[in-house]
Amino acid sequence: QKEVEQNSGPLSVPEGAIASLNCTYSDRGSQSFFWYRQYSGKSPELIMSIYSNGDKEDGRFTAQLNKASQYVSLLIRDSQPSDSATYLCAVTSSVLASGGSYIPTFGRGTSLIVHP
Amino acid sequence: GAVVSQHPSWVICKSGTSVKIECRSLDFQATTMFWYRQFPKQSLMLMATSNEGSKATYEQGVEKDKFLINHASLTLSTLTVTSAHPEDSSFYICSARDRGHASTDTQYFGPGTRLTVL
């Protein structure tokens, strides 16, 4: 059973601070890693994807991947109240599922609250 | 970026009726579409995976005769909730994977359909 673990939170940070969100996964063969943001009552929105070890930066967001330790993290710099949402980590294995597709596994999400 | 639409965005129906939800990839061809269900304050639950032109693959515990999925083209998949009951009330979300970027497997989500069964 492939698992993706996230702390459910809530993680509360002050406006302007760095928010650090973490995710661990069990399938060592995982190849693709994604962070999604989901506002209450809305569908998930892709923030970043990362495929190789190291850091990937996009604006205020930095994804970090460490395959040896099987974790992926998301840093949000200069956090804003509008960043308050649930952040979902998704991991895709390199192994095709029975239907012929790469099936992603989602974590349960971490709730982030950025307070003014 | 890739855009996925869903229709309707919300629907209220009577118990025992069937409801069809459409999922379209607007600016790309989707090799695979996924259907999820999400109850309030809970995580996404994958219901099924559908590939264009073939039968959908359902996750364990999801009744394929109740949740009919048709992936007729590379841009359209439909989910029909047959004989809906109040316990089927949920937020149904589709996602699509871009065929044009086979080396990656990014999913793009539709805006979701909120189903309420009375």
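Taking the Kirkwood radius as Rh and the Cα radius of gyration as Rg, the range B:1-106 has a ratio of Rg/Rh equal to 0.96. Taking the chain by itself as reference, the range A:27-44 contains these residues with an accessible-area loss of 30 Å² or more in the full protein complex (1.4 Å probe, heavy atoms): A:Phe34, A:Tyr36, A:Gln38, A:Gly41, A:Ser43, A:Pro44. Backbone geometry of the range A:10-21 corresponds, through the Karplus equation with coefficients 6.51, -1.76 and 1.60 at θ = phi - 60°, to 3J(HN,Hα) couplings of x, 9, 10, 10, x, 4, x, 7, 9, 9, 10, 10 Hz, x marking Gly and Pro. Accessible area per residue for the protein assembly as shown is 48 Å², calculated with a 1.4 Å probe on protein heavy atoms, without ligands, DNA or RNA. Between B:Leu68 and A:Ser82, the FRET efficiency from the beta-carbon distance, with R0 = 41 Å, is close to 0.60.
In order along the range A:35-48, the Karplus-derived 3J(HN,Hα) couplings, from 6.51 cos²θ - 1.76 cosθ + 1.60 at θ = phi - 60°, round to 10, 10, 10, 10, 7, 4, x, 10, 8, x, 10, 5, 9, 8 Hz, and Gly and Pro are given as x.
Excluding same-chain neighbours fewer than eight residues apart, the aspartates and glutamates reachable from B:Lys14 by a Cα-Cα span under 17 Å are B:Glu87, B:Asp88. For B:Glu87 and B:Gln29, the FRET efficiency from 1/(1 + (r/R0)^6), where r spans their Cβ atoms and R0 equals 25 Å, is about 0.10.
Taking Cβ atoms as reference points and 15 Å as the exclusive limit, the residues near B:Leu115 contribute a net charge of +2, counting Lys and Arg as +1 and Asp and Glu as -1. Straight-line cross-link reach from B:Lys55 at under 16 Å between alpha-carbon atoms covers these aspartates and glutamates, not counting any fewer than eight positions away in the same chain: B:Glu63, B:Asp65. Within the shell of other residues whose beta carbon sits under 9 angstrom from the beta carbon of B:Ser5, the net charge comes to 0, with Lys and Arg scored +1 and Asp and Glu -1. What is the sum of charges around A:Thr62, taking Lys and Arg as +1, Asp and Glu as -1, for the other residues whose C-beta is under 10 Å from the C-beta of A:Thr62? Spelling it out: positives minus negatives among the neighbours equals 0. Using a 1.4 Å probe on the protein heavy atoms, what percent of the accessible area of chain B belongs to carbon and sulfur? The value for chain B is 52 percent carbon and sulfur by accessible area. Coupling constants for the range B:62-69 follow from the phi torsions by the Karplus curve (6.51 cos²θ - 1.76 cosθ + 1.60, θ = phi - 60°), and in residue order they are 9, 7, 5, 7, 8, 10, 8, 10 Hz; glycine and proline get x. Restricting attention to the protein assembly as shown, close to 90% of DSSP beta bridges with both partner residues there are antiparallel.
The values are calculated or read from the model by the stated rules, or taken from the named source; none is laboratory data. Small disclaimer: the values here were computed from a predicted structure and weren't measured. Quick reminder, even Gly has a Cβ in these numbers, built from the backbone with ideal geometry, and neighbours come from all protein chains shown. Ligands, DNA and RNA are excluded from the accessible area calculation, which covers all protein heavy atoms including side chains. Shrake-Rupley method; radii C 1.70, N 1.55, O 1.52, S 1.80 Å.
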